[in-house]
Amino acid sequence: MTELRQRAVREPDAPPEDKESESEAKVDGETASDSESRAETAPLSASADDTPEVLNRALSNLSSRWKNWWVRGILTLAMIAFFFIIIYLGPMVLMIIVMCVQIKCFHEIITIGYNVYHSYDLPWFRTLSWYFLLCVNYFFYGETVTDYFFTLVQREEPLRILSKYHRFISFTLYLIGFCMFVLSLVKKHYRLQFYMFGWTHVTLLIVVTQSHLVIHNLFEGMIWFIVPISCVICNDIMAYMFGFFFGRTPLIKLSPKKTWEGFIGGFFATVVFGLLLSYVMSGYRCFVCPVEYNNDTNSFTVDCEPSDLFRLQEYNIPEVIQSVIGVTTVWMYPFQIHSIALSTFASLIGPFGGFFASGFKRAFKIKDFANTIPGHGGIMDRFDCQYLMATFVNVYIASFIRGPNPSKLIQQFLTLRPDQQLHIFNTLRSHLADKGMLTAATEDE
């Protein structure tokens, strides 16, 4: 009786149907709050040892600490070799790999929500999650195709129609999923269903949006894709190495194994690595030229005249440093200066993406997002910092690097009506004549 009286005080205005739904939920199955409390107290099953048997036998005489060091080291080298291979295969393969990584990361996070909240009986949950992934990808990749393959889209009538109504189609597809979600709501699972609806949308925001930015960075030039990713990889490796051999001082409670020694050592190593890698890559057109679509050959091209950003220039060294090294000037690519900003972000701010992921995993009492890569966890465990880095690079390019694109302006100009083209032509001619860039004779002609 006391408990009922207290409940009546807490919920004086509870409508009868809510009380009925609560009782039904308790009769028919567990309530959403039961699932929530169970998620907070019951950890997911720990992942089994997924180390290949060959490595287990070869490293059986080592302690667990050194065995983990060797397993992580060997598989890290294998992943780096795979990274070099896909770079060699070109931008199209890179985009496909980014798409595959995005899908796997989405799958890992959705699976955690599915297991933690015991969402096995939720109607349409997995179907709707993948449907929303399809809708968001259709929107983002449709925008990319319209932006970067404008001439191809205008040449093909079906693509032109899809491009013209792309956003309306995307919104309609999302509304279908939204209505399906509303229709799937059942009394005993209201709260849990809205939990998972929010879980899906936050996952889309974290994974799909930022992987889309990775592809945008790639189109600016492969150097804007490779250098940031390589800096994050270098920082991850060097922070682990410095922490493994010299680490003594804990860095953050979310990741007890992270140390100040590893954090600082990784920073200096990454800045030096970024400078060296940028110097090497800036000399090759295949890395510095924007990725563009050639309508004549129906293929991607990366051939251009490098901008001033990728031409060696002489810089004066500050007098304080001159007295130490005895050199007054140094020849550098301007991009190397930008690489300092990229490597600094990768070293000082990028790890917070990993800390965020660590906090997420601790909240649900799991060690890794999955066990896809022995010694490393899931794909999301390797890309938790990369997504944050991709957003920074995209913002950095838009703020400090990118200017108006003449080729895109011409493409849009050619799609206008003849009278609109003539009006722009006359306006531009008058503007150039007023600035003295066109002679009177030329203007008369």
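The values are calculated or read from the model by the stated rules, or taken from the named source; none is laboratory data. Bear in mind that the values here come from a model prediction, so they are computed numbers and not experimental data. Cβ sites come from the backbone with ideal geometry, for glycine too, and all protein chains shown count toward neighbours. Note: accessible area is taken over every heavy atom of the protein model, side chains too, but ligands, DNA and RNA are not part of it. Shrake-Rupley method; radii C 1.70, N 1.55, O 1.52, S 1.80 Å.
Net charge dipole, the stretch 122-184: roughly 100 debye, given to the nearest 20, about the Cα centre with Cβ charges of +1 for Lys and Arg and -1 for Asp and Glu.
Roll a 1.4 Å probe over the protein chains and send me the accessible area per residue for the stretch 122-184 in Å².
Per residue, the stretch 122-184 has 59 Å² of solvent-accessible surface.
Most tightly packed first, judged by the mean number of other beta-carbon atoms within 10 Å of their residues, the peptides 233-242, 199-208, 84-93 read 233-242, 199-208, 84-93. Tell me the net charge near Ile215. Cut-off is 12 Å between Cβ atoms, Ile215 excluded, with +1 for each Lys or Arg and -1 for each Asp or Glu. Residues close to Ile215 contribute a combined charge of -3. Counting only protein heavy atoms and a probe of 1.4 Å, the accessible surface of the stretch 219-348 is 65% carbon and sulfur. Annotation: per residue accessible area for the stretch 264-315 equals 58 Å², rounded to a whole number [probe 1.4 Å, protein chains only]. Structure shown: which of Lys187/Lys365; Lys67/Lys104; Lys258/Lys361 lie over 20 Å apart, alpha-carbon to alpha-carbon? Beyond 20 Å between Cα atoms: Lys187/Lys365; Lys67/Lys104. Averaging Cα coordinates gives a centre for the stretch 282-312 and one for the stretch 78-145; these two points are 29 Å apart.
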